[in-house]
Amino acid sequence: MTEKNNIKALIIKLINISILTVISHTAFAQIFGAEQNPLSVKWRQINTSGFKLIYPDELEKEAQRMAATISHIYPYVGSSLNRQKTSIPILLQNRGVIANGFVQLAPKKSEFYTTPPQQFDSQDWLNNLAVHELRHVAQFDKLTNGKASPFPEDIYFAWFGVSIPLWFFEGDAVTIETALTNSGRGRQPLWVMPYRAALLEGRKFSYSKANFGSNKDITPGYYQLGYLMASNIRKDFGRNIFDSVLTDIRKRPVRLYPFSNSLKKFTGKGTRQSYLQTSALIKKEWEAQDKNLKTQTYPTLNKAAGYAASYFMPVKLKNEKILVLKDSKSEAAYFVLIDSNKKEQRLFGIGPQEQPWFSYAANTIVWDEIRYDPRYRQRSYSVICSYNMSTKKFKKLSSRSRLFSPAISADGKKIVAVKIDLSNKCNLVELDAESGKIINTFANPENLILQTPSYDSNGSLVAYISVSEKGKALRIAGAEDKNQVLIKESQQQLSRPIYIDQGIAFNAHYNGIDNIYRIDTISKKISALSASKYGAFNPSKIEGAEKILFNNYAASGYEISETDINPTPSGRNSFVYFGAPTQQQENTGNVFLSVPDSTFTSRPYKTLSHLFNVHSIIPVIEDEYQFGLQLKSNNLLNTFDFFAGADYHRDLNRFEYSTGFSLKTFYPIIRTTYRNRPRRGFYNTKAGVLQGDWRENYVQLQASLPLSINARNHNYNFSVNTSTSYTTRYMPENLPSNFITSLAFPMQYNFTFTHTVRQAERDIAPKWAQTLRLTYVHQPFDDQLAGRLFAAEGFLYFPGLAKNHSFLTNFNYQTATGIRRYDQEIATVYGYNNIKATSTLNNTLLFNYRFPIAFPDAEIGPLAYIRNLRGTLFCHYENFGTETNLSEPKTYGFELRSSLNVLRYQPIVDLGARFVFVNKKYNQNPILELIFNYSF
């Protein structure tokens, strides 16, 4: 890749980071990490039963517990895939605040993000991570037969991506997570609620839409889809069906649709037929459940949208307006006021959250949001922010903190929140609402996981949820004589308790559907306050009325409803448990009940001695003339990458040898590359054009400093980059006497600044963003090859005429001399390479208007799933002011694009065509350019 392409890739990466930092991560999503921890982290390791646990020293206690846990449960987790032993490093990551976990190859490892979420399951967080992620380890080992020699991990990983649907990996893991414990997502009505609502509302999703998702509707998601399909397949074909399927795939890896074909071999149905059968079955079960439930229809207080939209945690203000946190496919999360006519008044957007959350009292909104370390993005924080609706002032009440689910007292003077430190110690803390200073810490001697606290009316008591391996409980904290357990530990999905009159309202699923319940704090009697068909959540008391405002779930998202406070019996549990057959087949009970209490030897993990971790030899194809093999190494902490390779140049009949590394430990990232390569050139003589060959040693050194900062819904990225190289040429053949044999240290400097505002799912380009890029290249140490280049590029994005439209104005300027005079460093007009130049490139002025046309969610059989159709109108100028002017653009035209999933594979293909019309004075026919990109 050329230096220019390196820099452009860096810009793209920065913009992508801006987008990724503002997406709320769902707990337990398989998001692979490639970021670093700060150098200050001190690592330790424990080796046991094929597992190597690597962890920060603050997590010694948790690491000892996990070492005993994983070695004990793995034989149970892998049993139905016939995997009893394994070997894999497991990293415990404690610097971040986003709950997550994953298993990967290249290099083979698993990572557990240890900070527990504020709403997940009724068991210990790390235990749940362990059983789920170890199932992925068993899946990978089954497919690879547990072998990594001779270094095929990259190839295996790529093969998994195109041969096996994600719904299987995740669905199978959820079935095991549920069957081997007393908890698991398969037991949660909330988790399958979107699919249940869609089916009972008569929405029919194609297999591709259910699997790959939608930009307009709420679809099951591949976790939920996979759990239901895997459970149904195991019910019909037994405990070892997936062992047979994966074995068959391993034996016959190279074919179209290997998973579907192997599944059909053993069950008579491919993936689509299995999906249709599963959908029919679960719809029938849910219809029967619905008939036995006494549900109520509630009025909707928000306007309907043509796409999925949710209005979280409604609160009625004194002026009768409703305050909510809105999030939709079309707009990123922001606060909004809704009046009695359902008219919406946008307040302001916020940053990503661990879960949708805010609290309101005394004319003040408080909420938490995620902030990232500017450089080491394995480290993140959860900070508390506030907004005074009277003064219109924002405050950031904490910095570099790990505080979650803040709730403000009725008088607006105190805030209670959950604090989780780096050792996973969890406490409730009280903060001064003005200064953010911690003024009180509630004792938590058992170190229970604590969730979603709230104050009573006078601010003296706090209701909250606790979580342990025994389940979830509802508790009260206050003065020592006031601490009590109102609801003992159980597998009920208790969440978000709030004080209402003489009791506490909370969420649970006593009748098999998530609804709102109330417990009388004196009699301990539990009664129901809602009877939603699909789910009711997030109650708030309406002042001056015996009513509550709450979220009522519908197929298009969380709506706003209200109901009278009229307690009724909690009802009989009607939950449809699709995981029962798998649980009976596994027949293990809760695998965490008999984990031995063991102590393991731990020792420091020396990062310097673990820099090299060779895992793959991969084929590399540069083009039709150059191909070869590359050896890859990535250490487990993502701080050192190394490669070595050999390429064959078919046109030159010679080999190229290369090696290089990236060191990402320190604030600047250091990269170096060495190449010994054959070269060929042409030169003019009196006898005509002659060809000359030579070899050269090329060494490049690059230092870059990428920094990113996010605040509310704004993201700022800065990058400084400098690079140089040294080239010596030898073995000249048929070259002139003045042939230059060394190129001494050309210097290149780059600076990039990017600002973006948080984007929504349907945005196809930023609506408000700015990028400035400066480049300077010169030859300070080489008088033989004098020359310099300066380039400046500015990108300004503005909102378009309609939602999700984007208008880009891009002005670019460059000036070059000497050997750089023909370099092209700035963005060019569309069609540039097909138009004969009339003058040296000096500047470009580019106008692009991008807009969505449709979101069809159209499945064309097994060939493609069309996610969206997009258009662009463009008008481009080159050497503006001399060669072109506003009335005479050099090129103009339009392009049509579509994002698709092709052949039911996960990678997204961007396919399109661009029609370029050229100014008449260039005497050029219209140009047709085809567009093809893909991402995974």
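All of the numbers you see were taken from the coordinates with simple rules; none came from a lab. None of the values given here were measured: they were computed from a predicted structure. Cβ: placed from backbone, ideal geometry, glycine included. Neighbour counts: every protein chain shown.
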### Message
Can you tell me which lysines have their Cα less than 20 Å from the Cα of Lys482? Leave out same-chain residues fewer than eight positions away.
### Response
Lys414, Lys472, Lys524, Lys525
## Note on the structure
Phi angles of the stretch 504-514, converted by Karplus (6.51 cos²θ - 1.76 cosθ + 1.60, θ = phi - 60°) into ³J(HN,Hα) in whole Hz with x for Gly and Pro, give 10, 8, 7, 9, 6, 10, 4, 9, x, 10, 5
### Message
I need the phi-derived Karplus couplings for the stretch 182-194: 6.51 cos²θ - 1.76 cosθ + 1.60, θ = phi - 60°, integer Hz, Gly and Pro marked x.
### Response
8, 10, x, 5, x, 9, 9, x, 4, 5, 9, 4, x
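What net charge is computed for the residues neighbouring Phe348, neighbours being all others with C-beta under 10 Å from the C-beta of Phe348, Lys and Arg scored +1, Asp and Glu -1?
+3
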### Task
Add +1 for every Lys or Arg and -1 for every Asp or Glu among the other residues with Cβ under 10 Å from the Cβ of Pro38, and state the total.
+2
## Note on the structure
Expected vector for the stretch 302-318, Karplus 3J(HN,Hα) from phi with 6.51, -1.76, 1.60 and θ = phi - 60°, integer Hz, x for Gly and Pro, equals 10, 6, 7, 10, x, 8, 4, 8, 10, 10, 8, 6, x, 9, 8, 8, 5
### Query
Past the 24 Å Cα-Cα mark, which pairs from Lys294/Lys318; Lys61/Lys419; Lys52/Lys251; Lys216/Lys283?
Lys294/Lys318; Lys52/Lys251
### Charge context of Ser80, other residues only, Cβ under 12 angstrom, K/R +1, D/E -1
+2
### Query
Sorted from fewest to most neighbouring beta carbons within 10 Å, what does the list Trp191, Trp768 look like?
Trp768, Trp191
### Summary
Asserting the computed 222 nm helical MRE of the chain (DSSP H runs at least 4 long, -39500 (n - 2.57) per run, divided by residue count, to nearest 500) equals -5500 deg cm²/dmol
### Task
Give the shape of the stretch 165-291 as rounded, prolate or oblate, defined through the alpha-carbon gyration tensor: a ≥ b ≥ c are the square roots of its eigenvalues, a/c under 1.5 means rounded, and otherwise the shape is prolate if a/b is larger than b/c and oblate if not.
prolate
### Task
Compute the Cα gyration tensor for the stretch 26-163, then decide on rounded, prolate or oblate, letting a ≥ b ≥ c be the square roots of its eigenvalues: rounded whenever a/c is under 1.5, prolate when a/b is larger than b/c in the other cases, and oblate in all that remain.
rounded
### Message
For the pair Glu543/Phe266, report the inter-label distance in nm, with labels modelled 7 Å from Cα in the Cβ direction.
### Response
6.2
### Query
Against the longest principal axis of the chain, how steep is helix 60-77, in degrees 0 to 90 to the nearest 10, with axes from Cα atoms?
90
### Query
Could you give the length gained on full extension between Asn697 and Ser523, defined as 0.36 nm per residue of separation minus the Cα-Cα distance, in nm?
54.3 nm
### Task
At 7 Å along the Cα-to-beta-carbon direction for both Ala362 and Lys42, put a label point, then send me their distance in nm to one decimal.
4.2
### Phe627 long-range amide H proximity, modeled H, under 5 Å
Glu622, Tyr648, Arg650
### Task
Any chance you could give the angle, 0 to 90 degrees and rounded to 10, that helix 3-20 forms with the longest Cα principal axis of the chain?
10
### Message
Given all pairs of different Cα atoms, what value in angstroms does the Kirkwood hydrodynamic radius of the stretch 87-140 take?
### Response
11.5
### Message
With Rg and Dmax of the Cα atoms in Å as the read-out, I listed (1) 34.9, 112; (2) 30.1, 106; (3) 31.5, 112; which label goes with the value calculated from this structure?
### Response
(2)
#### Entry: Ranked Met389, Met229, Met66, Met313, criterion: other C-beta atoms within 10 Å, fewest first
Met389, Met313, Met66, Met229
### Estimated dipole of the chain in Debye, rounded to 20 [Cβ of Lys and Arg +1, of Asp and Glu -1, Cα centre]
760
### Query
Label Ser742 and Leu796 with points 7 Å out from Cα along Cα→Cβ: what is the distance between them in nm?
4.8
### Query
Can you give the angle from 0 to 90° between the axis of helix 241-251 and the longest principal axis of the chain, with both taken from C-alpha atoms, to the nearest 10?
10
